[in-house]
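Structure first, commentary second.
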Amino acid sequence: MIFILTPKMKHPENPEPFHFKQFSMHHHRSTMKIGTDAMILAAWADVSKANAILDVGSGSGIIALIMATRTSAMVDAVELDQSSALEAGQNFKASPFAGRLTIYHNEYTTFAAGIKKKYDLIISNPPFFINDMRPDNSIKKQARHTDTLTFHKLCANSKTLLASGGKLCLVLPYRESKIFLKEAEKNALYLNRKLLIFPKACKEPNRVNMELSHTRPTTVKEERFIIRNEDNSFTDQYKNLLGEYYTSIK
């Protein structure tokens, strides 16, 4: 059974929300805070043909909210952690896009088995630690590790829910991206496009944005993205991609 979380209960007074140009949101109760990985992924994803979008592991809802700013699509979000789902629901309700955003408090496999629709775009900033660096806190473990949302679950369920011609977009650390792509191919999901993300030009890439589909391409389009200059200021590339959302970027 799919449980649609409707935020009716009120929490004690919230801390100051994070303000974007198009909306404001809280992320203080979510297992996953607003972060650079999610922002870059949401701004980079190709939404040109997306009328139905699903955000998997939504956290406080930042990716879903950016999807709503970039499209006129109906945007669903699924989140396992109850506090995160509640906060996302409140952020959705308070946004100008409330009528197009729905949060589901559920595990992805259960959600996929019960939903009767297909998505043009499935997007995710998933857990990625597999065996190492495990935190003691079980909530942090759920948010950061693949125990509850394994690469197999992400691929198999996304394969089921993708519409014909649909795309799966996600961000992973460079090493884990190699492991994920092997699992994706087992589910007939093939890399079409990727963005190598460098913290600085002098560093190795530490994140990879990936776009996959049911179609195996003849060549994979590869792009490069550098976040900061040597003086730690943001690059023009970063400002051009995210300047539409942040109220200011230094």
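With (1) surrounded by fewer than 18 Cβ atoms within 10 Å (Cβ to Cβ); (2) closer than 24 Å to Asn240 by Cα as the list, and Ala50 as the residue in question, which single condition is left unmet?
Only one criterion in (1) surrounded by fewer than 18 Cβ atoms within 10 Å (Cβ to Cβ); (2) closer than 24 Å to Asn240 by Cα is unmet by Ala50, namely (1).
In the set Ile103, Ile122, which member is in a strand (DSSP E or B), touching a Ser or Thr at 6+ places or on another chain (Cβ under 6 Å) and modelled with pLDDT of 95 or more?
Going through Ile103, Ile122 in turn, just one is in a strand (DSSP E or B), touching a Ser or Thr at 6+ places or on another chain (Cβ under 6 Å) and modelled with pLDDT of 95 or more: Ile122.
Out of the range 199-212, which residues are free of Cβ contacts under 8 Å to residues at least 40 places away in the same chain and either outside any strand (DSSP E or B) or crowded, with 19+ Cβ neighbours inside 10 Å (or both)?
Ala201, Cys202, Lys203, Glu204, Pro205, Asn206, Val208
It is to be established whether one or more residues within the range 109-117 are without any contact (Cβ under 8 Å) to a residue 60 or more places away in the chain and over 24 Å from Thr160 (Cα atoms).
Taking every residue of the range 109-117 in turn, none turns out to be without any contact (Cβ under 8 Å) to a residue 60 or more places away in the chain and over 24 Å from Thr160 (Cα atoms).
Counting only residues that are within 15 Å of the chain's Cα centre (by Cα), part of a helix (DSSP H, G or I) and under 18 Å from Tyr245 (Cβ atoms), how many does the range 62-91 have?
10
Residue check, Arg70 against (1) modelled with pLDDT of 95 or more; (2) under 21 Å from Asn157 (Cβ atoms); (3) charged (D, E, K, R), all met but one. Which one?
(2)
Tell me yes or no: at least one residue of the range 235-244 is of a type in the set (S, T, N, Q), surrounded by 12 or more Cβ atoms within 10 Å (Cβ to Cβ) and in contact (Cβ under 8 Å) with a residue 24 or more places away in the chain.
There is no residue in the range 235-244 that is of a type in the set (S, T, N, Q), surrounded by 12 or more Cβ atoms within 10 Å (Cβ to Cβ) and in contact (Cβ under 8 Å) with a residue 24 or more places away in the chain.
Do the conditions hold for Glu222, that is, is it part of a strand (DSSP E or B), over 24 Å from Asn51 (Cα atoms) and modelled with pLDDT of 95 or more?
yes
The values are calculated or read from the model by the stated rules, or taken from the named source; none is laboratory data. All figures in this text were calculated on a predicted structure; none of them were measured in a lab. Using ideal geometry, Cβ is built from the backbone for each residue, glycine included, and neighbour counts are taken over all protein chains shown.
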